[in-house]
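Peer 1: Could you have a look at this structure, given as structure tokens, before my questions?
The values are calculated or read from the model by the stated rules, or taken from the named source; none is laboratory data. All of these numbers come straight from a predicted model, not from anything done at the bench. Neighbour counts are summed over all protein chains in view; Cβ atoms, including those assigned to glycine, are modelled from backbone coordinates with ideal geometry.
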There are 2 protein chains.
Amino acid sequence: MGRSEGEPCLQVQVSQDMEKERETLQAWKERVEHELDVVVAFWLEHSHDQEHGGFFTCLGRDGQVYDDLKYVWLQGRQVWMYCRLYRKLERFRRPELLNAAKAGGEFLLRYARVAPPAKKCAFVLTRDGRPVKVQRTIFSECFYTMAMNELWRVTGDAQYQSEAVEMMDQIVHWVREDPSGLGRPQLPGAPAAESMAVPMMLLSLVEQLGEADDELAGSYAELGDWCARRILRHVQRGGQAVLENVSEDGEGLSGCLGRHQNPGHALEAGWFLLRHAVRRGDPKLRAHVIDKFLLLPFRSGWDPDHGGLFYFQDADGLCPTQLEWAMKLWWPHSEAMIAFLMGYSESGDSALLNIFYQVAEYTFRQFRDPEYGEWFGYLNREGKIALTIKGGPFKGCFHVPRCLAMCEEMLSDLLSRLAPASAPAPALSARSPPADPARRGAE
Amino acid sequence: MGRSEGEPCLQVQVSQDMEKERETLQAWKERVEHELDVVVAFWLEHSHDQEHGGFFTCLGRDGQVYDDLKYVWLQGRQVWMYCRLYRKLERFRRPELLNAAKAGGEFLLRYARVAPPAKKCAFVLTRDGRPVKVQRTIFSECFYTMAMNELWRVTGDAQYQSEAVEMMDQIVHWVREDPSGLGRPQLPGAPAAESMAVPMMLLSLVEQLGEADDELAGSYAELGDWCARRILRHVQRGGQAVLENVSEDGEGLSGCLGRHQNPGHALEAGWFLLRHAVRRGDPKLRAHVIDKFLLLPFRSGWDPDHGGLFYFQDADGLCPTQLEWAMKLWWPHSEAMIAFLMGYSESGDSALLNIFYQVAEYTFRQFRDPEYGEWFGYLNREGKIALTIKGGPFKGCFHVPRCLAMCEEMLSDLLSRLAPASAPAPALSARSPPADPARRGAE
């Protein structure tokens with residue numbers, strides 16, 4: 001068959017493929033949108049403490065409160081999530097979200113810090129705000145900062161922003177200058193290890209505080225680059241593994257600590273870095289990140305027998321010592337959904353879209369609870385529900401709705417780029433700058 | 001059939017039952033004895049650090065060292081176990097056990113304490129003895145004490161005993177007078193909770209130090225009674241549940257902490273208390289302990305679907321928040337074997353012997369590794385091997401050989417009490433004082 005005859009045929013095929021892609025994307029957008037409504041409704045109905053402010057997060061399958069402790073990470077995350085939804089998605093611009101977020105923010109302002117004016121925050125508080133436990137890490141303070149910055153964005157109240165910026169200064173001081181305020185003893189046998197969580201968390205704060213704020217974005221630019229460099233040093237073994245822990249000099253460490261891998265965490269770092277590469281306009285970094293932080297952990301971490309991402313792995317293929325290593329947790333899957341959809345949005349590589357579909361199908365099939373709403377958090381290796389709780393000390397109103405809201409936004413964006421249906425799609429990777437959901441805020 | 005004709009028939013039946021019981025006990029004795037040989041051989045072959053002293057406990061399925069960190073609990077336990085075997089069982093009175101125990105003891109003497117002369121011990125050390133982590137609890141110090149006391153018993157070297165007694169004084173001071181030396185911050189929201197582990201651990205030290213030592217036994221008698229009273233306060237809910245945590249006043253606590261149950265731990269407490277009841281000559285306490293610490297946790301904790309003991313439970317039947325709650329771990333099963341065989345030995349109640357058989361059958365079938373020796377530690381709910389390691393940060397040379405050595409001794413004792421085969425067995429519960437394996441030491 002001659003070329004002149006083949007071309008119209010090819011055009012029809014391309015057009016049919018486009019239409020099919022549009023339909024699949026549209027179906028996922030609707031599925032994700034509906035799921036976000038159901039998930040938010042669950043937290044609105046069950047988690048608000050009307051008496052003391054803040055949120056109950058220890059919720060059983062049907063939303064029943066089984067413990068009234070308040071975990072500071074989860075308080076900060078829920079404040080952040082409510083504000084973000086309120087700010088970004090028209091249908092969530094409702095007083096009940098704003099008021100609950102403000103009550104959560106006030107609870108944090110009043111009780112999170114253990115010994116004010118010192119900035120160290122508790123890890124968990126009683127229902128009425130008395131500290132129960134303090135962790136010698138930066139994470140309570142980081143989620144406090146995210147909450148305060150986002151509260152400022154929706155309310156315009158400068159007190160929240162000054163809280164956020166001052167806490168950020170403290171965190172950066174602990175990480176880059178002097179960690180002694182965290183209270184960790186310096187023991188001669190403890191390796192000077194860097195957990196990937198620390199530069200990841202800081203990088204996400206850099207993005208949070210710098211959004212649509214040229215002054216702060218400028219003052220954190222060097223910090224953002226430092227975080228990205230630090231995270232990239234966790235690619236080890238000749239580029240064949242992302243390791244959770246490396247030495248202060250960026251070298252591999254011995255023992256279980258040095259071999260520890262967390263595929264979901266690598267994928268989350270992946271989309272943090274993708275956004276950084278986009279902000280920096282760095283396509284080489286983008287490609288590197290897709291290769292090392294998306295494809296590598298997915299290939300090693302996806303269970304070939306039962307599907308789903310393992311929680312932990314050992315870089316030498318040895319058995320991890322964590323009892324839950326082979327379990328399937330909700331959050332690596334929600335992070336993987338974000339990472340692969342973002343990878344596709346930024347690169348146009350349809351292999352990444354196919355992985356998004358694979359992960360999303362597994363995730364919606366295994367984690368959703370069509371009866372009571374929200375997602376189960378903990379499945380065994382075979383995908384059976386191991387814990388029926390919807391929330392607990394580490395699962396709150398955060399990973400699921402963040403994933404759904406971000407995927408909804410990315411899917412909308414992809415669909416708008418495919419329109420009109422009859423025209424060929426623009427090469428996604430040619431857009432400059434690519435769509436960044438965070439830049440399309442309603443502020 | 002007239003009574004005069006029935007009696008010889010009944011005698012024949014009794015005699016046949018006896019013979020069957022003897023055969024079953026004998027078969028288990030041989031099985032346990034052989035298994036102990038295999039298990040001890042595993043640790044002798046793979047765990048000795050010839051260079052620095054002490055033991056590797058992070059051992060893969062075949063014994064390969066996958067991490068060289070030294071966990072102080074496990075160092076102390078292995079020293080104790082080697083000495084105990086050396087002292088109690090003729091076939092283990094071998095120089096290689098004694099020498100390895102002494103080298104482990106020297107390692108502890110030299111490195112366990114973080115800042116000597118202060119007594120606080122590390123939780124984990126590098127291979128060459130530098131502290132990596134310190135826990136703000138008493139347990140490293142307790143296993144240190146057990147090791148030192150047992151080393152004194154096999155070597156006669158008074159230095160070990162003075163180490164043990166001085167450390168014991170320090171532990172008792174932390175528990176009963178002033179815990180501030182442990183370094184735990186007193187936070188206003190933290191409930192003044194008592195973990196059952198603390199009086200349990202202390203009670204086992206009272207037995208350890210008081211063995212065949214009237215003076216120390218006398219000076220710790222009041223402490224032993226205090227520990228027993230404290231443990232008994234963990235029976236809550238009108239006698240229907242053993243709870244891991246109660247208030248300082250012995251009342252139930254709210255939330256997950258207050259509802260937390262650990263059936264294997266209750267069973268271990270059960271045999272500690274049984275021995276205490278025997279030492280105290282208190283048959284009423286013995287009966288209470290069998291009811292509350294043996295039968296109750298077994299009935300609630302045994303998985304009716306797949307067999308085996310759940311790791312954690314919630315007293316209200318809610319879902320625990322620990323990811324591993326439904327897993328089957330080796331140590332609750334070895335503790336259950338000890339508890340039910342001891343319960344039978346002390347009471348003569350054959351229902352307890354039948355539970356011993358049920359637990360022992362499950363345990364030998366599911367945990368043993370006939371290929372490489374020692375036991376797997378971690379099965380999933382269905383009984384499939386979840387982790388292939390033989391040792392790790394919490395599994396060393398302790399629960400398995402302690403269980404096997406104690407069961408071997410109790411089975412021997414039961415068999416000797418059944419002899420001669422043709423005579424009726426004495427009522428087991430009528431013996432006074434009952435056989436206490438610890439009293440038959442070789443010292």
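Peer 1: Using the structure shown, decide if A:PRO393 is surrounded by fewer than 17 Cβ atoms within 10 Å (Cβ to Cβ), in a loop (DSSP other than H, G, I, E, B) and not assigned by the TED database to the domain that holds A:MET146.
Peer 2: The answer is no for A:PRO393.
Peer 1: For the stretch B:240-296, name all the residues that are among the basic types (Lys, Arg) and away from chain A (no Cβ under 14 Å).
Peer 2: Matches in the stretch B:240-296: B:ARG275, B:ARG279, B:ARG280, B:LYS284, B:ARG286, B:LYS292.
Peer 1: Limited to the stretch B:126-142, what total is found for residues that are within 14 Å of chain A (Cβ to nearest Cβ), touching a strand residue (DSSP E or B) at 6+ places or on another chain (Cβ under 7 Å) and without any contact (Cβ under 8 Å) to a residue 60 or more places away in the chain?
Peer 2: Selection size over the stretch B:126-142: 3.
Peer 1: Here's something else I'd like to know. Answer with yes or no whether B:GLU335 is crowded, with 18+ Cβ neighbours inside 10 Å, assigned by the TED database to the domain that holds B:MET200, touching a residue at least 24 places away in the same chain (Cβ under 8 Å) and touching a Leu at 6+ places or on another chain (Cβ under 7 Å).
Peer 2: yes
Peer 1: Further question on the same structure: Looking at A:ARG299 and the list (1) away from chain B (no Cβ under 14 Å); (2) closer than 26 Å to A:LEU25 by Cβ; (3) in contact (Cβ under 8 Å) with a residue 24 or more places away in the chain, which single condition is not satisfied?
Peer 2: (3)
Peer 1: What helices (runs of 4 or more DSSP H), lying completely within the stretch A:244-356, carry at least 3 residues that are touching a strand residue (DSSP E or B) at 6+ places or on another chain (Cβ under 9 Å)?
Peer 2: Per the criteria, A:255-259, A:263-280, A:296-301, A:330-347.
Peer 1: Being closer than 13 Å to A:ALA315 by Cα, in contact (Cβ under 8 Å) with a residue 12 or more places away in the chain and either part of a loop (DSSP other than H, G, I, E, B) or of a type outside the set (A, V, I, L, M) (or both) is the filter here, so list the residues in the stretch A:232-243 that pass it.
Peer 2: A:HIS234, A:GLN236, A:ARG237, A:GLY239, A:GLN240, A:LEU243 - these are the residues of the stretch A:232-243 that are closer than 13 Å to A:ALA315 by Cα, in contact (Cβ under 8 Å) with a residue 12 or more places away in the chain and either part of a loop (DSSP other than H, G, I, E, B) or of a type outside the set (A, V, I, L, M) (or both).
Peer 1: What is the number of the single condition among (1) of a type in the set (Val, Ile, Thr); (2) more than 14 Å from chain B (Cβ to nearest Cβ); (3) closer than 27 Å to A:LEU69 by Cβ that A:VAL114 does not meet?
Peer 2: Condition (2) is where A:VAL114 drops out.
Peer 1: In the stretch B:56-97, which residues are more than 14 Å from chain A (Cβ to nearest Cβ), within 14 Å of B:VAL40 (Cα to Cα) and in contact with a Ser or Thr (Cβ under 8 Å, 6 or more places away or on another chain)?
Peer 2: Residue satisfying the conditions is B:GLN78 alone.
Peer 1: So which residues in the stretch B:378-390 are within 9 Å of chain A (Cβ to nearest Cβ) and part of a loop (DSSP other than H, G, I, E, B), if there are any at all?
Peer 2: Correct list: B:ASN380, B:ARG381, B:GLU382, B:LYS384, B:THR388, B:ILE389.
Peer 1: While we're here: Looking only at the stretch A:50-69, filter to residues that are in contact with a helix residue (DSSP H, G or I) (Cβ under 8 Å, 6 or more places away or on another chain) and acidic (Asp, Glu); which one of those is surrounded by the most Cβ atoms within 10 Å (Cβ to Cβ)?
Peer 2: Of all residues in the stretch A:50-69, those in contact with a helix residue (DSSP H, G or I) (Cβ under 8 Å, 6 or more places away or on another chain) come to A:52-59, A:63-69.
Subsequent filtering for residues that are acidic (Asp, Glu) retains A:67-68.
Details: A:ASP67: 24, A:ASP68: 16.
That would be A:ASP67.
Peer 1: Only one of these conditions is not met by B:ALA212: (1) in contact (Cβ under 8 Å) with a residue 40 or more places away in the chain; (2) part of a loop (DSSP other than H, G, I, E, B); (3) of a type in the set (A, V, I, L, M, F, W, C); (4) within 14 Å of another protein chain (Cβ to nearest Cβ). Which number is it?
Peer 2: (4)
Peer 1: May I pose another question? Please enumerate the residues belonging to the stretch B:70-84 that are in a helix (DSSP H, G or I) and either surrounded by fewer than 19 Cβ atoms within 10 Å (Cβ to Cβ) or of a type outside the set (A, V, I, L, M) (or both).
Peer 2: Result: B:TRP73, B:GLN75, B:GLY76, B:ARG77, B:GLN78, B:TRP80, B:TYR82, B:CYS83, B:ARG84.
Peer 1: Restricting the search to the stretch A:115-131, which residues are among the aliphatic types (A, V, I, L, M), more than 11 Å from A:GLN75 (Cα to Cα) and buried (at least 20 other Cβ atoms within 10 Å of the Cβ)? Give the derivation first.
Peer 2: The initial filter retains those residues of the stretch A:115-131 that are among the aliphatic types (A, V, I, L, M), namely A:115, A:118, A:122, A:124-125.
If we keep only those that are more than 11 Å from A:GLN75 (Cα to Cα) as well, we get A:115, A:118, A:122.
The answer is A:ALA122, and nothing else.
Peer 1: Which number in (1) touching a residue at least 12 places away in the same chain (Cβ under 8 Å); (2) more than 14 Å from B:GLY239 (Cα to Cα) marks the one condition that B:ILE290 misses?
Peer 2: Every condition holds for B:ILE290 apart from (2).
Peer 1: Just checking, which of B:PHE56, B:PHE107 is in the same structural domain as B:PHE376 (by the TED database), touching an Asp or Glu at 6+ places or on another chain (Cβ under 9 Å) and farther than 22 Å from B:LEU414 by Cβ?
Peer 2: So the residue among B:PHE56, B:PHE107 that is in the same structural domain as B:PHE376 (by the TED database), touching an Asp or Glu at 6+ places or on another chain (Cβ under 9 Å) and farther than 22 Å from B:LEU414 by Cβ is B:PHE56.
Peer 1: Give the stretch A:302-323 a look and list any residue that's away from chain B (no Cβ under 11 Å) and polar (S, T, N, Q), or say none.
Peer 2: Residue satisfying the conditions is A:GLN313 alone.
Peer 1: Now for a different question. For the stretch A:187-209, how many residues meet the condition of being surrounded by fewer than 22 Cβ atoms within 10 Å (Cβ to Cβ), away from chain B (no Cβ under 14 Å) and free of Cβ contacts under 8 Å to residues at least 60 places away in the same chain?
Peer 2: 2
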